[in-house]
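Notes follow once the structure below has been shown.
The values are calculated or read from the model by the stated rules, or taken from the named source; none is laboratory data. No experiment lies behind these values; they were computed from the predicted model shown. Cβ: placed from backbone, ideal geometry, glycine included. Neighbour counts: every protein chain shown. Heads up: the accessible areas ignore ligands, DNA and RNA and are worked out on the full protein's heavy atoms, side chains in. Shrake-Rupley method; radii C 1.70, N 1.55, O 1.52, S 1.80 Å.
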Amino acid sequence: MHGGRVADYIPELGRADPATFGVALSTADGEIYATGHAEHLFTIQSVSKPFMYGYALQHYGRDYVLRHVGVEPTGEAFNSIVLDEVANRPFNPMVNAGAIAVAALMPGNSADERIAFMLDLFSDLAGRRLEIDETVFQSELATGHRNRAIAYMMLNTGMIERDPIEALDLYFRQCSITINCRDLAMMAATLANDGVNPLTGVSVLDPHYVRDVLSVMNSCGMYNYAGQWSYEVGMPAKSGVSGCIMAVIPGQVGIGVYSPPLDAQGNSVRGIKVCQDISNEFELHAFNNRTNVRSVIRRVYRGDRVRSSRLRTAQERDVLEVDGFKIAVIEVQGALFFGSTEQLLRRIAELSETARYVIVDFKRVHLADSAACKLILRLAHAMRDDQTELLFAELSTDGPLGAVSRELAAHETDRLLRVFSDVDAGLEWCEDQLLTEMLKLSPGTKFALAQLDVFKGLSTEEYRLLETIVSPLIFEKGEVIIREGAQAKLFFVLARGSVSVQIKIPTQNGEKRRRVASLGPGRTFGEMALFDGGARSADVVADEKVICYGLAVEQLQDLAAAHPNILVTILANLTRDFSERLRHANQAIRSLE
């Protein structure tokens, strides 16, 4: 963008480079994003006015300050000589007349003490020690004749009681404090964070006075552009003739922009456009309903503590015990908008430093605006070539993140990222990747009897005897191997492929099936036939073409009559397996509490 003019009625400001352009944004918890000339120093000018007003409120209280300066917009330029003669006070603290009246309220027994209080205030807001630009101060002092006229008019009508020279000296000095965009964003974030500096934790202003400051900024901070600004941008804001604009989104972020060329109203041309674009892009208009951003992350856990419902062999469990931490699951909850999604993305970035796979569970998200969808999609694009793989779960096309789901579906051939129906399916896929890598097993690996944990400890002769009663069985994908309610006469050992254990869940429209476990090669199912021989309690369905070893319970018992160690060994192995599964279930429950 081009256009606008650098302010030159204060000679030192006229020396600014019109090409200088910096933007910074600070979240309410102190994370700063910056670009351009964000470190470039400039004087705060009129952006100092809201903070001085807040300091006066803090020191004297609302009623006292209202007797000295009002809160009504004027629709006039910032340096207009327009006063509320009915109430005998300046119209608001954002115009020069009101700011001078507020400066006259600064407590202190001497000019030096008042200056020290003022510098302490702004340093607390920025989170670092700030200084006054003496050259700019002297330039303002030498050319501030209009402000002197305003001050003496207010003295004449009793609007101020302090010597105008002293009030003007402090006013010129507050305008000459040197900051950069990062400082300005942090000062704005302090207002967004209920008056507490997000980095230092220092409480600068009480929350109910922050509300007053933001209210006046919203109605008067942009002078005779304030109404249109509030309508289009919807952020409490304040501009300064040095070319800076500060904007606040309560509870979320503070924005600081610096670009010297000004429009006819005295506002930064580029600064206005930046705030307009940020507000529109991320739906940050103050009157959009939002919730607390701090509750967006419900829980984070790792794959070495909580595993999928896929039942694993002892060897596989050992691998996941060591390498499962490479899988991270982050559960999201509540509403997703700019502030909450930024926290989510930051947490994902942190997990990516140590995790090979990050699964994001959207099951508990009830609302997501377009800003959240844009940020999530940008994250997916940004991470597609990273070493850490991003996975999404519970992302339906008709849910709150339907726009994201549909966009990902449009990129299905690009494999932008993997989307799973639920976290369990995502966990299982990630575990399979780790196991394939660590154990060097191909998906089609077939297990022989001697390789299966359930038969571990048998002698060569006992293996030979067992083979005489084992029946190799083949099932196609989708075929029901065990049906709920059927008599339990066989138990199975999976040699190749995978199966799912499914139960029926009642619903309003009848019932649906839910997977409660998944089994891969080397695992047993239908084992309860060995213990009680009762009816089956669930269906077992082939997820793909599978090969099983079927053992008839009656034949096994007959064989064990002559060779009791076979059944004793099998039952001992099953007991150890059940114990391990119970131990891990307890560990997972503790992790999820």
Has region 526-533 got any residue that is open to solvent by 50 Å² or more (accessible area, probe 1.4 Å), within 50 Å of the chain's Cα centre (by Cα) and at pLDDT 90 or above? no
Of the residues in region 203-224 that are outside any helix (DSSP H, G or I) and not small (Gly, Ala, Ser), the one that is surrounded by the most Cβ atoms within 10 Å (Cβ to Cβ) is MET222
Output the qualifying pairs, or none if there are none: Cβ atoms under 7 angstrom, residues six or more apart or on different chains, first residue in region 355-373 and charged (D, E, K, R), second residue in a helix (DSSP H, G or I). ARG356/LYS326; ASP361/VAL423
Within region 3-42, the residues that are open to solvent by 10 Å² or more (accessible area, probe 1.4 Å), hydroxyl-bearing (Ser, Thr, Tyr) and part of a strand (DSSP E or B) are TYR33, THR35
The one condition in (1) buried (at least 18 other Cβ atoms within 10 Å of the Cβ); (2) assigned to a loop (DSSP other than H, G, I, E, B) that LEU494 fails to fulfil: (2)
Name the residue, out of LEU105, LEU125, that is in a helix (DSSP H, G or I), at pLDDT 90 or above and of a type in the set (A, V, I, L, M). LEU125
Out of the residues in region 153-162 meeting the condition of being free of Cβ contacts under 8 Å to residues at least 60 places away in the same chain and assigned to a loop (DSSP other than H, G, I, E, B), tell me which one is least open to solvent (accessible area, probe 1.4 Å). ARG162
The lone exception for THR413 - which of (1) at pLDDT below 85; (2) closer than 26 Å to ARG307 by Cβ it fails: (2)
Go over the candidates VAL332, VAL322 one by one and state the one that is open to solvent by less than 30 Å² (accessible area, probe 1.4 Å) and among the aliphatic types (A, V, I, L, M). VAL332
Is there a residue being in a loop (DSSP other than H, G, I, E, B) and surrounded by fewer than 19 Cβ atoms within 10 Å (Cβ to Cβ) anywhere in region 163-184? yes
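For every residue, the table says whether it meets (1) of a type outside the set (A, V, I, L, M); (2) open to solvent by 50 Å² or more (accessible area, probe 1.4 Å); (3) in contact with a helix residue (DSSP H, G or I) (Cβ under 7 Å, 6 or more places away or on another chain); (4) in a loop (DSSP other than H, G, I, E, B).
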residue: TYR231; (1), (2), (3), (4): yes, yes, no, no
residue: MET235; (1), (2), (3), (4): no, no, yes, yes
residue: LYS238; (1), (2), (3), (4): yes, no, yes, no
residue: VAL257; (1), (2), (3), (4): no, no, yes, no
residue: GLN265; (1), (2), (3), (4): yes, yes, yes, yes
residue: VAL274; (1), (2), (3), (4): no, no, no, no
residue: ASP277; (1), (2), (3), (4): yes, yes, no, no
residue: ASN280; (1), (2), (3), (4): yes, yes, no, no
residue: ARG305; (1), (2), (3), (4): yes, yes, yes, yes
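Could you tell me whether VAL540 is in contact with a Lys or Arg (Cβ under 9 Å, 6 or more places away or on another chain), touching a residue at least 40 places away in the same chain (Cβ under 8 Å) and either in a strand (DSSP E or B) or open to solvent by 90 Å² or more (accessible area, probe 1.4 Å) (or both)?
On the way: in contact with a Lys or Arg (Cβ under 9 Å, 6 or more places away or on another chain): yes; touching a residue at least 40 places away in the same chain (Cβ under 8 Å): yes; either in a strand (DSSP E or B) or open to solvent by 90 Å² or more (accessible area, probe 1.4 Å) (or both): yes.
Answer is yes for this residue.
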Cβ-Cβ under 7 Å, sequence separation 6+ or interchain: first residue in region 89-115 and on the phi > 0 side of the Ramachandran plot, partner part of a helix (DSSP H, G or I) and surrounded by fewer than 24 Cβ atoms within 10 Å (Cβ to Cβ). Which pairs? GLY108/ARG114; GLY108/PHE117
Suppose we filter THR200, THR135, THR190 for residues that are part of a helix (DSSP H, G or I) and open to solvent by 40 Å² or more (accessible area, probe 1.4 Å); which single one remains? THR135
Looking at the structure I just gave you, is GLY339 under 27 Å from SER421 (Cα atoms), modelled with pLDDT under 95 and assigned to a strand (DSSP E or B)? no
